[in-house]
Each structure stands twice: as structure tokens, then as C-alpha cells.
1. Regarding segment 51-100, what are the three Cα extents along the principal axes, ordered largest first, in Å?
2. On the Cα set of segment 293-351, report Rg and Dmax in Å, please.
3. Label-point separation (nm) for Leu93 and Gln248, each offset 7 Å from Cα along Cα-to-Cβ?
4. Using Cα centres only, tell me the gap between segment 255-329 and segment 87-106 in whole Å.
5. Sticking with the crude label model, points 7 Å out along Cα→Cβ, report the distance from Leu347 to Glu52 in nm, one decimal please.
6. Which entries of Lys111/Lys247; Lys121/Lys213; Lys111/Lys346 have Cα-Cα distances beyond 32 Å here?
7. Which sequence of Ser227, Ser335, Ser327 reflects their accessible areas, 1.4 Å probe, from the largest down?
8. Sorted from largest to smallest, which semi-axis lengths in Å does the alpha carbon gyration tensor of segment 219-288 give for its equivalent ellipsoid, taking the root of 5 times each eigenvalue?
Amino acid sequence: IPMALLRKINQVLLFLLIVTLCGILYKKVHKGTMVKAEADDDAETAEDMEEEIPVVICAAAGRMGATMAAINSIYSNTDANIMFYVVGLRNTLTRIRKWIEHSKLREINFKIVEFNPVVLKGKIRPDSSRPELLQPLNFVRFYLPLLIHQHEKVIYLDDDVIVQGDIQELYDTTLALGHAAAFSDDCDLPSAQDIDRLVGLQNTYMGYLDYRKKTIKDLGISPSTCSFNPGVIVANMTEWKHQRITKQLEKWMQKNVEENLYSSSLGGGVATSPMLIVFHGKYSTINPLWHIRHLGWNPDARYSEHFLQEAKLLHWNGRHKPWDFPSVHNDLWESWFVPDPAGIFKLNHNS
């Protein structure tokens with residue numbers, strides 16, 4: 001083979017080698033940037049997830065107007081990115097969607113979640129004193145990790161509340177290490193002059209648990225221990241799952257069916273009592289202004305206007321709801337009311 005031809009072949013081979021190397025190098029660099037871009041996307045998604053505040057609230061058939069007023073008050077008082085998880089039973093889901101999409105609430109981010117009451121089978125003792133407290137949705141708060149998946153921290157609110165502050169503040173509540181939830185202590189109630197009118201109000205474990213029963217005595221919890229109200233909860237889902245809170249709550253529901261452990265005279269006792277046992281000494285506290293309650297306790301007990309203005313969240317727990325008669329401070333509630341597009345839910349303010 002002539003020398004010139006060999007030189008030519010060598011040059012071609014060298015050129016091909018360089019092209020191949022360049023190709024490999026390009027691929028490597030390009031792949032690296034691709035992976036980095038994907039990682040950036042993931043980081044961005046994680047950031048977005050962190051910024052989204054999940055708020056869980058139930059919508060029960062007869063009182064859906066309460067849920068919509070609560071949502072309206074939360075959405076109107078914050079710039080935060082809220083995701084509302086509106087929980088209902090199967091036969092109400094279409095109506096929930098209609099109310100939101102055909103009213104001023106159509107701007108909100110929301111997911112409708114069905115709660116299947118079959119999980120409660122055999123866990124609830126029939127109680128005639130206040131049958132409304134046995135509504136399946138009262139127990140949704142026991143099952144938060146089963147309903148909400150991609151969030152670390154979750155807010156749960158009862159439907160009979162109005163939020164006057166920025167919900168971001170409530171979301172920023174610090175949960176101590178090892179605590180699955182934060183509640184508002186019943187000893188953090190307003191001044192004595194307001195308490196006087198709230199006769200019969202329970203604020204200790206004795207009001208919720210039947211201390212004549214051995215199972216309750218054996219817990220070793222002093223009956224004068226301060227109770228808390230689970231109508232406003234800031235929960236850590238990782239801790240909740242790790243401590244198997246749902247399983248523990250179910251155990252105490254079942255024990256009640258067998259042994260009748262809870263004071264049935266009490267408003268809210270059915271859902272509150274298992275929580276008082278499971279979370280005893282293991283919960284963080286919410287700023288008291290984020291749970292000003294008992295507005296539905298006595299239609300003659302009024303809080304001062306100044307005090308109500310300071311409140312970040314108002315809760316009409318008790319029998320006297322602000323959409324019914326008689327009730328107090330219903331003007332504060334009504335200012336957030338969203339009329340029912342189907343015309344079913346109506347305010348009742350006449351005697």
C-alpha cells in the first residue's frame with residue numbers, strides 16, 4: 001500500500017476517533033444537565049409542596065353552609081397557597097362541588113374527598129343524648145393520614161368555625177419533637193367574667209371520662225388534668241403514622257363500645273375522649289387566639305367586641321349554631337356566609 005494512502009487512512013481513523021470521543025463527551029455533559037434539570041424540577045416540586053397549606057374540613061349534608069362560610073373566611077384572609085380538602089359522604093359529593101363551583105368560592109384550590117363510614121363499623125356506641133355527635137364525619141379527624149397523602153403537616157378544622165387571621169400563622173405552629181399534633185388547651189380560656197356565663201362547661205378529663213370505670217382509673221391520669229379541644233388541629237403526618245395514632249384511637253373507640261367509658265352527657269365527648277387518652281401529655285399547644293370557642297354554648301353569653309376582634313379563629317361549639325336561632329355573634333359568622341346556589345341551605349334567625 002502506498003505511503004500516501006496509509007497516511008490518508010490514518011487521518012480518517014483519527015478524525016472518526018475524535019468525532020466519537022466528542023460524541024461521548026457531549027452525551028455525558030448533556031445527560032448531566034438533563035439529570036440536573038430533572039433534579040431542579042423535583043426540587044421545585046418539593047418547594048411547591050412545602051408552600052401549599054392543606055386544610056381539612058368536613059361538609060355534612062344538613063350544615064354545608066357552615067363549611068362554605070369557614071372556607072370563605074380562610075381564603076379571604078390569607079395570601080398563602082391553600083389546598084382545601086373537603087370531606088363528605090358519597091351522597092353529598094356532587095352538592096359540595098356544585099356549591100363551590102357556582103359561587104364566589106370557584107377561585108379556591110380544592111379536592112373533594114369521600115369518607116367511607118364502613119371504617120367505623122362496630123366502633124361507635126349508640127348515644128341518644130346527642131345523636132348529631134355520632135355523625136360519621138365527626139371521626140374524620142382520626143383518619144387524617146388515610147385521607148391526605150403528600151403532606152407532612154396538615155390543619156384540621158371543625159365546620160362551625162370562622163377564621164379572622166392569616167391561616168399561615170396557624171400552620172406555622174411549632175410541634176415539639178415526637179408530637180403528632182397540637183391543640184388548644186381548655187385551661188387557656190378567656191377571663192373569668194366570660195367563664196361565669198358558661199355554666200356547665202367542661203375543661204378537665206373528669207368531664208369526658210367515666211372515672212368509676214377501672215379501665216379509666218388504670219390509665220393513671222388525674223381527673224383534674226386540663227382537657228383540650230380537637231376542633232382545631234395542627235398535625236404532623238409522619239409522627240401520626242409512626243405512632244400509629246389512628247390504630248390507638250380505634251382501640252379506644254372499641255373499648256368504649258364494650259365498656260361505656262366516656263361521659264355520655266358531654267357535648268363532643270364521643271370524638272374528644274379517645275383523643276384525650278391517646279394524646280395525653282404528648283401534644284403541643286396552639287396559640288389560644290387561634291381557638292376562641294364556646295360561642296355556641298349559651299345564647300346569653302356574649303364576649304366583648306374588643307376580645308372578638310382580637311380573636312384569630314372563632315368556634316361555635318355547643319348546641320347554638322350561628323346559622324340557627326337562638327345564637328350569639330351570628331353577625332360575625334354571617335358576614336362570611338356564601339348563599340347556597342341550590343337554595344337548600346337557609347339561615348334560620350327567627351324564633
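The values are calculated or read from the model by the stated rules, or taken from the named source; none is laboratory data. Remember, predicted model here, so these are calculated numbers, not experimental data. Positions of Cβ are generated from backbone atoms using ideal geometry, with glycine treated the same way; all protein chains shown enter the neighbour counts. We work out accessible area using only protein heavy atoms, side chains counted, and drop any ligands, DNA or RNA first. Shrake-Rupley method; radii C 1.70, N 1.55, O 1.52, S 1.80 Å.
1. Taking the Cα atoms of segment 51-100, the three principal extents are 32, 17, 15 Å.
2. Values for segment 293-351 (Cα only, Rg and Dmax): 12.0, 36 Å.
3. Here the answer is 3.2 nm between the modelled labels.
4. Centre-to-centre (Cα) distance: 26 Å.
5. 3.4 nm
6. On the way: Lys111/Lys247 25 Å; Lys121/Lys213 24 Å; Lys111/Lys346 25 Å.
Long pairs (Cα-Cα over 32 Å): none in the table.
7. On the way: Ser227 0, Ser335 80, Ser327 20 Å².
Per-residue accessible area, sorted high to low, gives Ser335, Ser327, Ser227.
8. Values: eigenvalues 78, 52, 27 Å².
That gives 20, 16, 12 Å for the three semi-axes.
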